[in-house]
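J.: Below is the structure I would like to discuss, written out as structure tokens.
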Number of protein chains: 2
Amino acid sequence: MEMSNGFLSSSDSMRAARPLSHARTVSFPEGLDLQLGGHLEEVTVCYETYGELASRADNAVLICHALSGDSHVARHGADDDPGWWETIVGPGRSIDTEQYFVICPNVLGGCRGTTGPNSSNPTTGKPYGRDFPNITICDMVSLQKKLVDHLGVEQLLAVTGGSMGGQMVLCWAAKYPQSSRAYIPIATAARLTSQSLAFDIVGRNAILHDPAFRDGQYYEQPQGPDIGLAIARMIGHITYLSRESMQLKFETDRHNPREVSTAFEKRFSVGSYLGHQGDRFVERFDANSYIALTLAMDLFDLGDSREALVKSIGRTEARWLILSYTSDWLFPPEESRQLAEALIRSGTRVSYCNVPSPYGHDSFLLEHNLEIYGELIRSFLATTNGTTAADQRSTGTAGVWSKRRKKNQPDPSSIFHPDRLDYTRIIDLIPPVSRVLDLGCGHGELLFRLKQRGFENLTGVELDEEAIVSCSRLGLDVLHLDLNQHLDSFLDGSYDCVVLSRTLQAVLDVEGLLAEILRIGRRGIVSFPNFAYGKLRQMLYEQGRAPESEGVLRYKWYNTPNRRFFSIADFEDLCRERNIRIHRRVALDTEAQEEVVEDPNYNADLAIFVISR
Amino acid sequence: MEMSNGFLSSSDSMRAARPLSHARTVSFPEGLDLQLGGHLEEVTVCYETYGELASRADNAVLICHALSGDSHVARHGADDDPGWWETIVGPGRSIDTEQYFVICPNVLGGCRGTTGPNSSNPTTGKPYGRDFPNITICDMVSLQKKLVDHLGVEQLLAVTGGSMGGQMVLCWAAKYPQSSRAYIPIATAARLTSQSLAFDIVGRNAILHDPAFRDGQYYEQPQGPDIGLAIARMIGHITYLSRESMQLKFETDRHNPREVSTAFEKRFSVGSYLGHQGDRFVERFDANSYIALTLAMDLFDLGDSREALVKSIGRTEARWLILSYTSDWLFPPEESRQLAEALIRSGTRVSYCNVPSPYGHDSFLLEHNLEIYGELIRSFLATTNGTTAADQRSTGTAGVWSKRRKKNQPDPSSIFHPDRLDYTRIIDLIPPVSRVLDLGCGHGELLFRLKQRGFENLTGVELDEEAIVSCSRLGLDVLHLDLNQHLDSFLDGSYDCVVLSRTLQAVLDVEGLLAEILRIGRRGIVSFPNFAYGKLRQMLYEQGRAPESEGVLRYKWYNTPNRRFFSIADFEDLCRERNIRIHRRVALDTEAQEEVVEDPNYNADLAIFVISR
């Protein structure tokens, strides 16, 4: 198919943008009704696809691009230009084009082939310019839905995308909750922060007040609003990086501008970079599109309350994977966490990881920590698609992973530690068909055992990213949350059992955490080392030294991760004082691998309590 | 005196800027040699003064304004317009105009009366415009020095200022190290971060490429570069606030723009605010000044290494107070900490506080936590000036302070706790004339006792801001640093004694901290509670419960701030293993208030060790 009329390469402000060689277009003569009112006649979508649609049409992954992206998400062959998400999409990569049928359309309002302000207005025969109506993220999604239908895909395997693309993912879930088996919004939010909004506004002001903008009808002029667009792009560029990454990039040659040809200020290294970025952007992007797309991003708003979010995105029956990046300040991690929290409250299966990265918003396009976030995407897609854990390990970034693994950590590909008696006993204490929340779930040992026994409603909470990847490989849903801060998203009584194993002795706020466990769970199952274990008592009493022993108390006083030292009796005292009911107490001697009946506060080194309000 | 020719109120871009009614001007016919080459003929300074110069001319405080400030730092009387630092400067305020002679000049390159781009160029008789030479922060300071000399002040009591004003403070110290008895740089840095630099550059690009800029000669045109200047101001405004403060300001009425008259985008609340700010700024500020001043800020660079900083600002014999604000991302707190660290290394007396605030860079102009940072400025000035603590308490924000004080905290105006035997013994262990570093110095009890005994070289490190204020009132130098992270700025062997009293049991990295103590101090003096104290042993052994007692171990297992439990014997074991020499051991029974000789590991509840490598 040939390029549609949507791509006016003759426009001065688009002088260098090349047609996308593998792109196809499809036109919808019925047009598109718009969310804010109005109707676009005869809309065209420019898109690219990768891989093959399975006979059951159940392996399609829709990728939504960000503000300045397009349909070219990855190369189609060795001699093709690289795509904008080459790190993630391709044969053998996280979104494996040998397994999945990948669809990536240019968005409505864009300037690379899909209907947008630089398309010909059927009414006038000239480019829309400022006559292009105000569009929303949901309009973009409506058009994508037409494309997906056109391609014969009734239900997607997954919808994914970062930044503005992530907003589209959220909109897909809100508008078409049955449309996909999985949603993967990345580096995005239910609405922009006021700060991010402010940067967009200043960028638009720079374009709109550039005298060459001529109210959007600059296409036939010798000069477009290049200055305004370049200024907007420069502002944007600062927000895509982080303070730390800019420091890394520009500090050493701070006063030595790079040799670039630009009319913008070149006195400093960072200035030459920004000038260059501004100039290059003007060559490939249309100012009216920039206004249309940033305004759509800014108008996107799923509400400012958790309740509003639950209503909008909480109606899917799909699995979710939400990713954010620690240094992203355009779409700060806490905004992603709030998405996850809303899904938790709506009872949706969700995994969330805040990926460590110094590279700011751009992180989702970079190789850094691909062994975490790329691997999460890969394993999440695979387990959603029903591929087994064994299949997964043969592909993708598994090699990178195993090199990166810390010493002395259990091999995540072999999840089973030397048999842990306490796990066995905890599992025995959980009634069948329970909903289980495991706080500090580690590599998923306990949850996976439960899964193998047929438990279906299982959630983990964990702080270590690599442990989260291990869990994801096992098809478990795990949330990257801090036990001391982020449990309030779980509804009262939303789990039958909340497990906290061997963690209470390392937390700061013991009472607060116990209260949360008892609020969220109908039962809490708490295990901890018994500091009044006979050997330990003797050591302090007879030798006058801080007790240590095998197992959980194997540390020295100066390097132990434990910060609370207490006994079975202490815990029972606290339960009594706080009106916590104790339903069961299991006392273990883990050295002897046996249960203790007589004087457990002296003879047991580990205790498990089943408690409730 | 009348306003000089430096203030061209006829300029279109300056249409609303009123003359400053209490400002005076002085002209220096000899002109000014500039740092980057060139010479300005006949320079004029517009300035305001407050209070009276003492007969010994030793009470002058120079205040340096920020980018968009001017000489009007505070009102001169009840019916005067408020100044830009009204929160800090005035009768009875932190910079008390009843005690001090306050000088505030408009800076070189500014547009409110001091020679700048809108001043008449003596050569042409027209405004300089772009013919105004590139100036630096140090040029601004050179001109301020002329003014200070002109006013008959040989040595200032203090130089202070925030942001660009803080850069001037640093430059004063670097260029005229004998010029002041105190330096108070606020919310500033030795150089801008690349991110902050980038925002300035984009702002300048917007002005320089505004067609109405006409290469800077717009003064006689009907239209100046108002769009470019407004865009630059909008960008600046975002950087002066924080994400959190913008959220507070604009989230609730996000989609409801305020009713302002502006040609800029008004769709969102934050947009109407920015448009309004941009418009108002254009009325009172000159675009050429904006370019000149931001460029001076961007060029300011005391070097990227601690060594360079030590060389530039480490040569004063003055006291320093450095202030930063936690949410400031334009001049991030760590940049201020680096200034403090360089001064530490140069052996300069310095206090540093990172003031908690959600309001970003603007915090130094706001009332929030004035009882911390305003009080620090007040007490620092007073103790530098030789006022006694008793004098200070009668003035300023003391009332606010005492209301704000947490319950159960010792009254900072009465620094002495119930007599602490361990302090008395620690003081006995410190040889006379020692240089002493107190890690975790609290409200300064130990250091103040040493000061009263004639010790002169005393430094505290503390994390609690209110405790830092208490120390400041006592004239002590205290640094707001984290013991676990920030001790590397102290040079090897730079103190005779490093004290860590009753803190080792609460730190994360025991070995790391001990190593730092032994590196920095010729001797370390470490006190800690003895967990093998007989009563405690018995409690665990006989009752099987986590030990608690009076004093340092008075907490419950679930709420203790202590995270390390160890005994005198444990500590001695560690010293042996790590080749740490023990010079003295003092064992105390603090309940009985007596020293323990027999079996201290059983009979003492607190131990003091003198150690070294």
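J.: Which one of A:Asp304, A:Asp253, A:Asp279 is within 12 Å of another protein chain (Cβ to nearest Cβ), in contact with a helix residue (DSSP H, G or I) (Cβ under 9 Å, 6 or more places away or on another chain), assigned to a loop (DSSP other than H, G, I, E, B) and touching a residue at least 12 places away in the same chain (Cβ under 8 Å)?
T.: That would be A:Asp253, the only listed residue that is within 12 Å of another protein chain (Cβ to nearest Cβ), in contact with a helix residue (DSSP H, G or I) (Cβ under 9 Å, 6 or more places away or on another chain), assigned to a loop (DSSP other than H, G, I, E, B) and touching a residue at least 12 places away in the same chain (Cβ under 8 Å).
J.: What is the number of the single condition among (1) within 12 Å of chain A (Cβ to nearest Cβ); (2) more than 23 Å from B:Gln223 (Cβ to Cβ) that B:Leu309 does not meet?
T.: (1)
J.: Continuing with the same structure: If I go through region A:586-604 residue by residue, how many of them are more than 13 Å from chain B (Cβ to nearest Cβ) and either in contact with a Gly (Cβ under 8 Å, 6 or more places away or on another chain) or more than 15 Å from A:Ser501 (Cβ to Cβ) (or both)?
T.: Qualifying residue count for the region: 10.
J.: So, in region B:282-310, exactly how many residues are hydroxyl-bearing (Ser, Thr, Tyr) and open to solvent by 20 Å² or more (accessible area, probe 1.4 Å)?
T.: 1
J.: Sort through A:Pro412, A:Pro432, A:Pro418 and tell me the only one that's assigned to a loop (DSSP other than H, G, I, E, B), at pLDDT below 95 and either under 19 Å from A:Gly521 (Cα atoms) or hydrophobic (A, V, I, L, M, F, W, C) (or both).
T.: Residue meeting the stated conditions: A:Pro432.
J.: For region A:64-71, does any single residue satisfy the condition of being in contact with a His (Cβ under 8 Å, 6 or more places away or on another chain) and in a loop (DSSP other than H, G, I, E, B)?
T.: yes
J.: Related question: So which residues in region A:435-450 are in a helix (DSSP H, G or I) and under 24 Å from the mean Cα position of the chain (by Cα), if there are any at all?
T.: Scanning region A:435-450 gives A:Glu445, A:Leu447, A:Phe448.
J.: Regarding A:Ala515, is this residue of a type outside the set (Phe, Trp, Tyr), open to solvent by less than 60 Å² (accessible area, probe 1.4 Å) and within 29 Å of A:Leu487 (Cβ to Cβ)?
T.: Yes; evaluated as a whole, the condition is true for this residue.
J.: I'd like to check something: does region A:449-456 contain any residue that is closer than 18 Å to A:Leu491 by Cβ, open to solvent by 10 Å² or more (accessible area, probe 1.4 Å) and polar (S, T, N, Q)?
T.: No, the conditions are met nowhere in region A:449-456.
J.: Right, here's the next one. Restricting to region A:533-543, name every residue that is at the interface with another protein chain (Cβ under 9 Å from one of its Cβ atoms), open to solvent by 40 Å² or more (accessible area, probe 1.4 Å) and within 21 Å of A:Thr590 (Cα to Cα).
T.: The answer is A:Gln538, and nothing else.
J.: Please state which of the following conditions B:Gly83 fails to meet, knowing it meets all the rest: (1) open to solvent by 10 Å² or more (accessible area, probe 1.4 Å); (2) within 18 Å of the chain's Cα centre (by Cα).
T.: (2)
J.: Of all residues being assigned to a helix (DSSP H, G or I) and among the β-branched types (Val, Ile, Thr) in region B:192-204, which is farthest from A:Ser269 (Cα to Cα)? Just the residue, please.
T.: So, considering only residues that are assigned to a helix (DSSP H, G or I) and among the β-branched types (Val, Ile, Thr), the one farthest from A:Ser269 (Cα to Cα) is B:Val202.
J.: May I pose another question? Would you mind finding the one in A:Leu248, A:Leu293 that is assigned to a helix (DSSP H, G or I) and either within 12 Å of chain B (Cβ to nearest Cβ) or at pLDDT below 95 (or both)?
T.: A:Leu248 is the lone residue from the list that is assigned to a helix (DSSP H, G or I) and either within 12 Å of chain B (Cβ to nearest Cβ) or at pLDDT below 95 (or both).
J.: Something else about it: From the list A:Ile238, A:Ile207, which one is more than 7 Å from every other protein chain (Cβ to nearest Cβ) and either modelled with pLDDT of 95 or more or in a helix (DSSP H, G or I) (or both)?
T.: A:Ile207
J.: If a residue must be open to solvent by 30 Å² or more (accessible area, probe 1.4 Å), modelled with pLDDT of 85 or more and more than 7 Å from chain A (Cβ to nearest Cβ), how many such residues does region B:544-569 contain?
T.: Residues in region B:544-569 being open to solvent by 30 Å² or more (accessible area, probe 1.4 Å), modelled with pLDDT of 85 or more and more than 7 Å from chain A (Cβ to nearest Cβ): 4 in total.
J.: Is at least one residue of region B:461-476 of a type in the set (A, V, I, L, M), modelled with pLDDT of 95 or more and farther than 26 Å from B:Ala318 by Cα?
T.: no
J.: Then there is this: Kindly list the number of the only condition in (1) more than 14 Å from chain B (Cβ to nearest Cβ); (2) not in a loop (DSSP other than H, G, I, E, B) that fails for A:Thr188.
T.: (2)
For (1) within 22 Å of B:Tyr325 (Cβ to Cβ); (2) open to solvent by less than 10 Å² (accessible area, probe 1.4 Å); (3) of a type outside the set (Phe, Trp, Tyr), each residue gets a yes or a no:
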residue: B:Glu154; (1), (2), (3): no, no, yes
residue: B:Gln167; (1), (2), (3): yes, yes, yes
residue: B:Tyr183; (1), (2), (3): yes, yes, no
residue: B:Ile186; (1), (2), (3): yes, yes, yes
residue: B:Arg191; (1), (2), (3): yes, no, yes
residue: B:Asp200; (1), (2), (3): yes, no, yes
residue: B:Arg204; (1), (2), (3): no, yes, yes
residue: B:Tyr218; (1), (2), (3): no, yes, no
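J.: Still on this structure, please answer the following. In the set B:Ser357, B:Ser327, B:Ser336, which member is part of a helix (DSSP H, G or I) and either within 22 Å of B:Leu192 (Cα to Cα) or open to solvent by less than 10 Å² (accessible area, probe 1.4 Å) (or both)?
T.: B:Ser336
J.: Since A:Ser13 meets every condition but one in (1) touching a Gly at 6+ places or on another chain (Cβ under 7 Å); (2) farther than 28 Å from A:Ala182 by Cβ; (3) open to solvent by 20 Å² or more (accessible area, probe 1.4 Å); (4) at pLDDT below 95, which condition does it not meet?
T.: Status for A:Ser13: all satisfied but (3).
J.: Determine whether region A:150-157 contains at least one residue that is under 24 Å from A:His22 (Cα atoms), modelled with pLDDT of 95 or more and touching a Lys or Arg at 6+ places or on another chain (Cβ under 6 Å).
T.: Scanning region A:150-157 turns up at least one residue that is under 24 Å from A:His22 (Cα atoms), modelled with pLDDT of 95 or more and touching a Lys or Arg at 6+ places or on another chain (Cβ under 6 Å).
J.: Let me ask another. Please work out if A:Ala212 is of a type in the set (A, V, I, L, M, F, W, C), in a loop (DSSP other than H, G, I, E, B), on the phi < 0 side of the Ramachandran plot and within 14 Å of chain B (Cβ to nearest Cβ).
T.: Against the criterion (of a type in the set (A, V, I, L, M, F, W, C), in a loop (DSSP other than H, G, I, E, B), on the phi < 0 side of the Ramachandran plot and within 14 Å of chain B (Cβ to nearest Cβ)), A:Ala212 does not qualify.
The values are calculated or read from the model by the stated rules, or taken from the named source; none is laboratory data. All of these numbers come straight from a predicted model, not from anything done at the bench. Don't worry about glycine lacking a Cβ; one is built from the backbone with ideal geometry, like all the others, and counts go over all protein chains shown. Ligands, DNA and RNA are excluded from the accessible area calculation, which covers all protein heavy atoms including side chains. Shrake-Rupley method; radii C 1.70, N 1.55, O 1.52, S 1.80 Å.
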